[in-house]
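Only the coordinates and a few stated rules stand behind these numbers; no lab work does. These numbers come from a predicted model, not from an experiment. Here the Cβ positions follow ideal geometry from the backbone for every residue, glycine too, while neighbour counts run over all protein chains shown.
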Amino acid sequence: MARPFRLQDIANVSIVYDERMNSFEEIIQNARKGDYTKIMFASVKQFVFANGCPSSDECISIIKDLRDKGVNIHFLDYSINSNCIEDDMKLGSLIGDAVYELYFKKNQ
């Protein structure tokens, strides 16, 4: 008799970030372990706010670390893939804007 299908049995699947389902930290840790090859965020702002990044450097280091492990982060709002090095400048600028907005929100 075949055992029941479990999502955990499939390696290297994509995941769409949804704060109601998984925490940001959990998804990043699982991606670092090799559970995912692609993580999709609705926006760059969602990525920054979910992480609570105090600086652009911290967000960018997460992206670079995952890139080195073969994990692509896709941002749907600007159709940016973290594996596309040509998008790094644009992504860095968008992250900077979102970090500034998060800082502003926290200090109002």
What number does the chain give for Rg over Rh if you use C-alpha atoms and the Kirkwood radius?
1.03
Compare the Cα positions of 104, 36, 94 along the charge dipole of the chain (+1 at Cβ of Lys, Arg; -1 at Cβ of Asp, Glu; about the Cα centre) and return the one farthest towards the positive end.
36
Counting Lys and Arg as +1 and Asp and Glu as -1, what is the net charge of the other residues whose Cβ lies under 9 Å from the Cβ of residue 46?
-1
Pairs of Cα atoms under 8 Å, at least six residues apart: use those to get the relative contact order of the chain, whole percent.
26
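Explain nothing, just the number: dipole magnitude of the chain about its Cα centre with +1 on each Lys and Arg Cβ and -1 on each Asp and Glu Cβ, in debye rounded to the nearest 20. Mind dumping the intermediate values first?
Numbers: 13 positive and 16 negative charges, 69 e Å.
Roughly 320 debye for the chain.
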Need the list of lysines near residue 69 for cross-linking: C-alpha distance under 25 angstrom, and skip anything on the same chain fewer than eight residues off.
33, 38, 45, 90
Placing +1 on the Cβ of each Lys and Arg and -1 on the Cβ of each Asp and Glu in the chain, which of 24, 62, 82 has its Cα farthest towards the positive end of the resulting dipole?
24
Length gain on complete extension for the stretch residue 57 to residue 77, per 0.36 nm per residue less the alpha carbon to alpha carbon distance?
5.1 nm
Output the antiparallel fraction of DSSP beta bridges having both residues in the chain, as a percent to the nearest 5.
20
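Nearest 500 deg cm²/dmol is fine: what mean residue ellipticity at 222 nm does the chain get from its DSSP H runs of n ≥ 4 alone, each adding -39,500 (n - 2.57), divided by its residue count?
Details: 4 runs with 50 residues, N = 108.
Value at 222 nm, helices only, nearest 500: -14500 deg cm²/dmol.
For residue 84 and residue 105 in one chain, what is 0.36 nm times their gap in residues minus the Cα-Cα distance, to one decimal in nm?
Working: separation 21, 0.36 × 21 = 7.56 nm, distance 3.03 nm.
The residue 84-residue 105 span can extend by a further 4.5 nm.
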Around residue 72, which amide H atoms from residues at least 5 apart in sequence, or from another chain, sit under 5 Å from its own amide H, with H modelled in the peptide plane?
38, 39
